[in-house]
Amino acid sequence: RYASPVQNELIFRHASPRDFPYILALQTQNLRQHLDEVEQQQGFLSIEYSVKDLAAINDGLGIYVAVEGDRLLAYAMAETKEFAGGVPLIARMISRFPGATFRQQPVETLRYFIYGPVCIDRAARGRGILNGLLDAMSSALKTNYELGIAFISQSNVHSYHAHVRKNDMIVIDEFEFDGRRLWTVAFGLNDRIK
């Protein structure tokens, strides 16, 4: 008698320390410096985090993960501007906020956090996982924040499509850092809560 395999449920939740080795493994597989040019066209990570960084981020606003059975398929980070501002690239992005607006409101008048990085296992892409991570993050943070802000390298067209075209994020600025052009994108948390 043939029994069909049980489909594991896709779960979105706050990360725990036991997830960190899987997050680091996924990070390593997707760092820009570990990918050739063809692989980079499917998206890449620009910043490398340590276990200590993960613990600090998770104890702060949090890391959100997508898991299916015993497999971690994706993660997305949320950081305070104070914490994230310790990264030079992010500090550069934040330094430009006095001139940035989101839907005609000055960014600096809104309660915002820094979103990202986000990474989805290549084998799990195309399943709406980014949408689920953003919804979980927005639900968890909507009481204290209005806006999530991230950067996307202009050479990372895959990430641009996923965030701006598929998830309605708004480009609020463009800047240069270390010879690279980047977009600053933002999303309203209440826009994600149905």
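The values are calculated or read from the model by the stated rules, or taken from the named source; none is laboratory data. Note that the coordinates shown come from a computational prediction; the quantities given were computed from them, not determined experimentally. Every residue, glycine among them, receives a Cβ derived from its backbone with ideal geometry; neighbour counts consider all protein chains shown. Heavy atoms of the whole protein, side chains included, go into the accessibility calculation; ligands, DNA and RNA do not. Shrake-Rupley method; radii C 1.70, N 1.55, O 1.52, S 1.80 Å.
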Fraction of the pair-distance distribution of segment 128-177 above 14 Å, Cα-Cα pairs, percent
58
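Leaving out ligands and nucleic acids, note down the accessible area per residue over the chain with a 1.4 angstrom probe, in whole Å².
Details: 10180 Å² over 194 residues.
The answer is 52 Å² per residue.
Remind me, relative contact order of segment 89-194 in percent, using alpha carbon pairs under 8 angstrom and six or more residues apart?
On the way: 131 pairs, mean separation 31.8, N = 106.
It comes to 30 percent, rounded to a whole number.
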Pop a pseudo-label 7 angstrom from the Cα along the beta-carbon direction at both residue 95 and residue 10 and give the gap in nm to one decimal.
3.9
If you filter segment 69-144 for trypsin sites (Lys or Arg not before Pro), then keep DSSP loop positions with at most 14 other Cβ within 10 Å, what is left?
96, 103, 111, 142
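To the nearest 20 debye, what is the magnitude of the charge dipole of the chain about its Cα centre, counting +1 on the Cβ of each Lys and Arg and -1 on the Cβ of each Asp and Glu?
440
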Residue 109 to residue 139: extension gain in nm, 0.36 nm per residue of separation minus the Cα-Cα distance?
8.7 nm
What shape does segment 101-157 have by the C-alpha gyration tensor, where a ≥ b ≥ c are the square roots of the eigenvalues, rounded means a/c under 1.5, and otherwise prolate means a/b greater than b/c and oblate the rest?
oblate
Counting other Cβ atoms within 10 Å, keep those with at most 12, restrict to DSSP loop, and tell me which GluC sites (Glu not before Pro) in segment 133-194 are left.
none
Highest-fluctuation residue, 154, 29, 104 considered, GNM on the chain with Cα pairs under 10 Å:
104
Given [x] 44; [y] 36; [z] 29 as possible values of percent of Cα pairs over 26 Å apart, the one from the coordinates is [z]
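Give me the percent relative contact order of segment 71-150, please, defined on Cα pairs under 8 angstrom at least 6 residues apart. The partial results should precede the final answer.
Working: 79 pairs, mean separation 32.8, N = 80.
Averaging sequence separation for qualifying contacts and normalising by length gives 41 percent for segment 71-150.
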